[in-house]
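Visitor: Got a structure for you, questions after.
A short reminder: the numbers here are calculations on the coordinates, not readings from a lab. None of these values were measured; they are calculated from a predicted model. Heads up, the Cβs are rebuilt from the backbone with ideal geometry, glycines too, and the neighbour counts pull from every protein chain shown.
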Amino acid sequence: MTPLLDGSEDPRKVLVAREIEAISNADIIGWAGLHAASLGYADDLNYQQLVRSNPRNAVALGKAHGHLKSLIARQFPDFNDRSQQASEMAREVFLRRLREYLQDDIAPFHVCRMVSHIEQTYEYPHWLGDLYNACDWMDERTTREQASHLGDVIKQVIADNGEIPVHRSN
């Protein structure tokens, strides 16, 4: 799977991406290693812990989400990860993952796992389109061939969100 984060993202967007299961704790550590922190939080203890974390260390991985949440709470105290601002961040991250799905970079279940987290966190936002129904019966063993309908639904969601779907070139 292609890494979603390139290091340029704001820490709040990284938290939102983790909350909707678009990224893992290892991705948080990877982001911290690439990120050029602003002076406002470059010396923050939790940020420094993320930067120094070894992604192959299970203990460090287990603490990554907590370090990120603590960083956000201290450095961005007015940020609410269930706000309209966070919902827009979630939409941007989600659409990026959907485009990756169309390029064969992620599995159907990865998309569907995000759908349930988004629905719960942002109370069934309209920008999810009909993905809830498209994901109804999928689990981690579902193959792309078994979920052939998902690509069409994803293309529709991307179009409904005013974006042009990226097609895989052969």
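Visitor: By how many degrees, between 0 and 90 and to the nearest 10, does the Cα long axis of helix 58-75 differ from the longest principal axis of the chain?
Guide: Tilt relative to the chain: about 80 degrees.
Visitor: What ranking do 139-148, 57-66 get when scored by the average of other Cβ atoms within 10 Å per residue, highest first?
Guide: By packing density, highest mean first, the sequence is 57-66, 139-148.
Visitor: Could you state the angle between the C-alpha long axis of helix 108-122 and the longest principal axis of the C-alpha atoms of the chain, as a value from 0 to 90 degrees rounded to the nearest 10?
Guide: In the chain, helix 108-122 runs at an angle near 70 degrees to the longest axis.
Visitor: Which ordering of GLU123, GLU88 is given by a fewest-first count of other beta-carbon atoms within 10 Å?
Guide: GLU123, GLU88
Visitor: Under the rule of -39500 (n - 2.57) per DSSP H run of 4 or more residues, summed and divided by the residues of the chain, what mean residue ellipticity at 222 nm is obtained, to the nearest 500 deg cm²/dmol?
Guide: The per-residue figure over the chain is -17500 deg cm²/dmol.
Visitor: Round to the nearest 10 and give me the degree value, 0 to 90, for the angle of helix 148-160's Cα axis relative to the longest principal axis of the chain.
Guide: Between the helix axis and the principal axis of the chain, the angle is about 70 degrees.
Visitor: Sticking with this one: Please report the net charge: other residues with Cβ closer than 11 Å to the Cβ of SER38, K and R +1, D and E -1.
Guide: Counting the neighbours of SER38, the net charge comes to -3.
Visitor: Given a Förster distance of 25 angstrom, what is the FRET efficiency for HIS126 paired with GLN85, based on the Cβ-Cβ distance and rounded to 0.05?
Guide: My answer for the efficiency is 0.90.
Visitor: Can you compute the FRET efficiency between GLU145 and SER116 using 1/(1 + (r/R0)^6), with r the Cβ-Cβ distance and R0 = 30 Å? Round to the nearest 0.05.
Guide: Plugging the Cβ-Cβ distance into 1/(1 + (r/R0)^6) gives 0.85.
Visitor: Can you sort HIS110, HIS126, HIS35 so the residue with the fewest Cβ neighbours within 10 Å comes first?
Guide: Taking fewest neighbouring Cβ atoms as first place, the list is HIS126, HIS110, HIS35.
Visitor: Sticking with this structure for a sec: Can you match Rg and Dmax of the Cα atoms in Å to one of these, (i) 16.5, 49; (ii) 21.3, 76; (iii) 69.3, 235, based on a calculation from the structure here?
Guide: This structure yields the entry labelled (i).
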